[in-house]
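My questions will all concern the structure given below.
The values are calculated or read from the model by the stated rules, or taken from the named source; none is laboratory data. Computed from a predicted model, the values in this text were never measured in an experiment. Don't worry about glycine lacking a Cβ; one is built from the backbone with ideal geometry, like all the others, and counts go over all protein chains shown. Side chains are part of the model used for accessible areas, which takes the heavy atoms of the whole protein and leaves out ligands, DNA and RNA. Shrake-Rupley method; radii C 1.70, N 1.55, O 1.52, S 1.80 Å.
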Amino acid sequence: MSIRAQMQRMGWSIEWDREIASHEPEMYRWTQWLFLKFFEAGHAHRRAAPVKWCPNDQTVLANEQVIDGHCERCGALVESKILEQWFFRYTAYADELLDDMKLIDWPERVLAMQRNWIGRSDGAELLFRVDELDIDVPVFTTRPDTIFGATFFVLAPEHPLVPKLVEGTPHEQEVLEYVRRTAARSFAEREENEKDGVFTGRFATNPANEARIPIWVADYVLMEYGSGAIMAVPAHDERDFEFAQRYDLPVKTVVVPAEANEASAPGAFSAHTENERLIDSGQFSSLSSPEGKKAIADWLAERGRGRSAVSYRLRDWLISRQRYWGTPIPVIHCPACGIVAVPEEDLPVLLPEIDDYTPKGKSPLEAAQDWIRVTCPKCGGRARREADTMDTFVDSSWYFLRYCDPHNDQAPFDRGLIDYWLPVDQYIGGIEHAVMHLLYARYFAKVLEELGLVGFREPFTRLFNHGWVDMGGAKMSKSKGNVVSPDDFVREHGADAVRLYILFIGPADARVDWQDDGLEGMVRFLRRLWRVALEVAALPDTLAEGPLAHKAHETIAKVTDDIGRRFAFNTAIAAVMELLNEIARDPKATGARFAVETALSLLQPSAPHITEELWERLGHEDRLWKSPWPQADPAMLVRETFELVVQVNGRVRDRLEVPMSLSEDELIARAKESPKVQAHLDGGEIRQTIVVPRKLVNLVVGLDG
RNA sequence: GCCGGGGUGGCGAAAUUGGUGAUACGCGGCCGACUUAAAAUCGGCUGUCCCCGAUGUGGGGCGUGCGGGUUCGAAUCCCGCCCCCGGCACCA
């Protein structure tokens, strides 16, 4: 059964007229159009960069698609390659993506994951001098206060300076061999390996104390982060310490706990704690660690040897894919003009027909030679099309805009319709989208707003993360084969029972376990609803009065709040169950019909089929799904009496049904009259009386006079 | 290690702002009714220990991961700890 037929059988309310598909030219034409806008505005650019490469899928991957060093799709170990690729410059938006979090109402864990992912670090960029080559090499550090403890210097193997440093020296062979070896390692290997590296024979000068420290090349320093070079402070950085231990490099302690005067264990690693101060750091000794950070950074800045700097874990979004199924990147490579955008009127650039779709290390589109070979739109000379396609996350970064105007063939969407519908008030999706789709879409909105295409900078005002259904302790998924096919249950018990059960099984944001027995319970509930409703339908109509009508109004209030505000579908259904239990106790009671109709209304969104049928059988000619949501009448919510809880010393001793109208003094008087309460007062003196209106009275009795 | 979320019956869970007996609603279990029987359905019971002047519409103690605290009152707030789930992690 197709996915669409499955959705229809479940009775989902979907406006199929707005269906769009990212692989159809009518849609990807506009993805290409948007790419060109990004390109013109400088947001899309092509550059050579070390990229994550999946050897199995034969394609590059975005950083976000690498999980623990493995390919998100196939699980293969991801490798490093240097390739010319297209990027969206979203690191430029790192601070905005952080700051604008205050504009949106999202679950804290998603914001935390995004914050984590962006990974902003505040620190300083400091210049170390290599005298023999007469150059300065910048390092990024978050701990300028430890600079007097820098005992060596490390460059990433990919650092462009490495070959120059060793050229013509006795270390050249060894260093270049090391660089080659690490290049062949996968990311996972690099991380798992014990730290290794090689000395270059060169020295750098520490700008703080003019100490000459050896320059090493080691693959625990990453080219993609900071400047690809570090000052190593083994006493205060665990990784540097590990490396120093292995190669017997000196360890110099420069930060100690506030009360200590010297390092308790010289040459050891000391973890960062609060309340530290500097030692052996020239004029900065005895400053606290935060003071030292600022003072040293300022001092170096004054002398032109540093500046404050911010670094991010976030990398630019790599969007090139060497795959067939994606939107072709609409540019042309001309030997004379360079990269030339496909003119807007030539869009869409259609995916060519090819025989072999399998990935083979370069784009399968390269095989379509007639398609590849074009004339340059600028100079008319011979040129080649870009053969890579876009990451499909580009499509999902704006699909919701297209939903507002799905058939527009003049523009991706009409601004007026966007202003009417968007931003999305309530977005619902799984937590797996936290750092991919949701971050990309936020970035897209910011660029589109700057391009004047939309009027907002955050696309999804509120976000709710739904949970998922586990089966025998593992997430249900087709690849694991532990899937409950809804079709079987729908065939056997109907879509309503399945829908209700999924809502009832637990909180909507939780991970829940599928139990066949639970579904049986829901089937029982629906049968009961059916019986009771028909029984009531056969009785003469009564007024919407009496205890049942009151209960019905209370249920309306509860369900409306549960669904509308709390996303608590499980308790909403429980409330309707309570109402039905009450009706079933005496279906002939006054107000039973009103109560049944209320139950049907409240269940309509969850169980649309059975409620519609019963609605008709109750004699209605209109359609329940078109009827307005029921309103709780405030007058019907008011009770004349309530159950007063009487406590003595905080322990419940009696419950009394009393009129709502009683004053606090009267409530206290009633409480004291209770024989059960008196038994516990036991003649003791009442020292304090607490009254919570409409709830309880607490009498505090002295233990002893 | 850092960040986020959790821990409540036999099970899924509820208790929304510190104020209704902790455990709604459902599942499972036990007992009963109906039936030749079963299914279906309906009714009752179902945290734990204890008391009885006595089997009741009775009474009491304990109980929300563990130990403390605040409060008239704590599943809810605070401090310390344990465990589980998720994210990040050679990011300087």
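Looking only at the range A:236-264, count how many residues are open to solvent by less than 50 Å² (accessible area, probe 1.4 Å) and either in a loop (DSSP other than H, G, I, E, B) or among the acidic types (Asp, Glu) (or both).
As a first pass, look at the range A:236-264 and keep what is open to solvent by less than 50 Å² (accessible area, probe 1.4 Å): A:236-237, A:240-241, A:243-244, A:249, A:251, A:253-256, A:258, A:260, A:263.
Retained after the next criterion (residues that are either in a loop (DSSP other than H, G, I, E, B) or among the acidic types (Asp, Glu) (or both)): A:236-237, A:240, A:249, A:251, A:253-254, A:258, A:260, A:263.
The number of residues fulfilling the criteria is 10.
Another question, if that's okay. Just to verify a result, which residue in the range A:637-668, among those that are part of a loop (DSSP other than H, G, I, E, B) and among the hydroxyl-bearing types (Ser, Thr, Tyr), is nearest to RNA strand B (Cβ to nearest atom)?
Top of the filtered list is A:Ser661.
For the range A:674-692, how many residues are more than 9 Å from RNA strand B (Cβ to nearest atom), surrounded by fewer than 15 Cβ atoms within 10 Å (Cβ to Cβ) and either at pLDDT 80 or above or not in a helix (DSSP H, G or I) (or both)?
4
On to the next question. Can A:Pro207 be described as open to solvent by less than 50 Å² (accessible area, probe 1.4 Å) and away from RNA strand B (no atom under 14 Å from the Cβ)?
It is true that A:Pro207 is open to solvent by less than 50 Å² (accessible area, probe 1.4 Å) and away from RNA strand B (no atom under 14 Å from the Cβ).
When you scan the range A:143-171, how many residues do you find that are more than 22 Å from A:Leu249 (Cα to Cα) and either free of Cβ contacts under 8 Å to residues at least 24 places away in the same chain or in contact with a helix residue (DSSP H, G or I) (Cβ under 6 Å, 6 or more places away or on another chain) (or both)?
So the count comes out to 4.
Something else about it: Would you pick out the residues in the range A:625-660 that are open to solvent by 100 Å² or more (accessible area, probe 1.4 Å) and more than 30 Å from A:Gly11 (Cβ to Cβ)?
A:Arg639, A:Glu640, A:Arg651, A:Arg655, A:Glu657
Mind checking which residues of the range A:181-202 are touching a residue at least 12 places away in the same chain (Cβ under 8 Å) and among the hydrophobic types (A, V, I, L, M, F, W, C)?
Correct list: A:Ala183, A:Phe187, A:Ala188, A:Val198, A:Phe199.
Looking at the range A:225-235, which of its residues are in a loop (DSSP other than H, G, I, E, B) and over 21 Å from A:Arg181 (Cα atoms)?
A:Gly226, A:Ser227, A:Val233, A:Pro234, A:Ala235, listed by residue number.
Next question. I'm told A:Leu222 meets every condition in (1) part of a strand (DSSP E or B); (2) within 7 Å of RNA strand B (Cβ to nearest atom) except one. Can you identify the failing condition by its number?
It fails just one condition, (1).
Now a separate question. Pairs please, first residue from the range A:548-562 and over 16 Å from A:Thr590 (Cα atoms) and away from RNA strand B (no atom under 12 Å from the Cβ), second anywhere and assigned to a helix (DSSP H, G or I) and not hydroxyl-bearing (Ser, Thr, Tyr), Cβ atoms under 8 Å, 6+ apart in sequence or on different chains.
A:Ile556/A:Leu602
For the range A:11-59, which positions are in a strand (DSSP E or B), β-branched (Val, Ile, Thr) and either within 16 Å of RNA strand B (Cβ to nearest atom) or over 29 Å from A:Thr358 (Cβ atoms) (or both)?
A:Val51
Among the numbered criteria (1) at pLDDT 90 or above; (2) over 19 Å from A:Asn570 (Cα atoms); (3) away from RNA strand B (no atom under 16 Å from the Cβ), which one does A:Val536 miss?
(3) is the only condition that A:Val536 fails.
Residues being in a loop (DSSP other than H, G, I, E, B) and open to solvent by 10 Å² or more (accessible area, probe 1.4 Å): count how many of those fall in the range A:441-469.
Of the residues in that region, 9 qualify.
Further question on the same structure: Here are some residues: A:Asp487, A:Asp517, A:Asp496. Which one is among the acidic types (Asp, Glu), part of a helix (DSSP H, G or I) and at pLDDT 90 or above? Walk me through it before giving the result.
On the way: A:Asp487 fails: at pLDDT 90 or above; A:Asp517 fails: at pLDDT 90 or above.
Being among the acidic types (Asp, Glu), part of a helix (DSSP H, G or I) and at pLDDT 90 or above holds for just one of A:Asp487, A:Asp517, A:Asp496, which is A:Asp496.
Kindly list the number of the only condition in (1) open to solvent by 70 Å² or more (accessible area, probe 1.4 Å); (2) within 14 Å of RNA strand B (Cβ to nearest atom); (3) outside any helix (DSSP H, G or I) that fails for A:Ser286.
Evaluating A:Ser286 over (1) open to solvent by 70 Å² or more (accessible area, probe 1.4 Å); (2) within 14 Å of RNA strand B (Cβ to nearest atom); (3) outside any helix (DSSP H, G or I) leaves (2) as the failure.
Counting just the residues of the range A:5-53 that are basic (Lys, Arg), open to solvent by 50 Å² or more (accessible area, probe 1.4 Å) and in contact with a Phe, Trp or Tyr (Cβ under 8 Å, 6 or more places away or on another chain), which one comes out modelled with the highest pLDDT? Steps first, answer last, please.
Looking only at the range A:5-53, we keep the residues that are basic (Lys, Arg), and these are A:9, A:18, A:29, A:37, A:46-47, A:52.
Still in the running and open to solvent by 50 Å² or more (accessible area, probe 1.4 Å): A:9, A:18, A:29, A:46-47.
Then drop every residue that is not in contact with a Phe, Trp or Tyr (Cβ under 8 Å, 6 or more places away or on another chain), which leaves A:18, A:46-47.
Values: A:Arg18: 96, A:Arg46: 93, A:Arg47: 89.
Taking the candidates together, the pick is A:Arg18.
Kindly evaluate A:Phe140 against the criterion of being within 20 Å of A:Ser121 (Cβ to Cβ) and surrounded by 17 or more Cβ atoms within 10 Å (Cβ to Cβ).
yes
Among the residues of the range A:68-80, count how many are open to solvent by less than 50 Å² (accessible area, probe 1.4 Å), within 20 Å of A:Thr182 (Cα to Cα) and not hydrophobic (A, V, I, L, M, F, W, C).
2
Could I ask something else about it? Scan A:Leu103, A:Leu61, A:Leu83, A:Leu97 and give me the residue that is of a type in the set (A, V, I, L, M) and open to solvent by 70 Å² or more (accessible area, probe 1.4 Å).
Sole residue among the options that is of a type in the set (A, V, I, L, M) and open to solvent by 70 Å² or more (accessible area, probe 1.4 Å): A:Leu103.
Another question, then. Those residues that are open to solvent by 10 Å² or more (accessible area, probe 1.4 Å), more than 14 Å from RNA strand B (Cβ to nearest atom) and closer than 20 Å to A:Lys558 by Cα, I need them from the range A:575-594; list them, please.
Scanning the range A:575-594 gives A:Arg593, A:Phe594.
Now for a separate question. Would a scan of the range A:324-347 turn up a residue that is within 16 Å of RNA strand B (Cβ to nearest atom) and either on the phi > 0 side of the Ramachandran plot or not charged (D, E, K, R) (or both)?
Filtering the range A:324-347 for residues within 16 Å of RNA strand B (Cβ to nearest atom) gives none.
No: the range A:324-347 contains no residue that is within 16 Å of RNA strand B (Cβ to nearest atom) and either on the phi > 0 side of the Ramachandran plot or not charged (D, E, K, R) (or both).
Residue by residue through the range A:54-69, note down the ones that are modelled with pLDDT of 75 or more and closer than 16 Å to A:Ala434 by Cβ.
Of everything in the range A:54-69, those that are modelled with pLDDT of 75 or more and closer than 16 Å to A:Ala434 by Cβ turn out to be A:Ala62, A:Gln65, A:Val66, A:Ile67.
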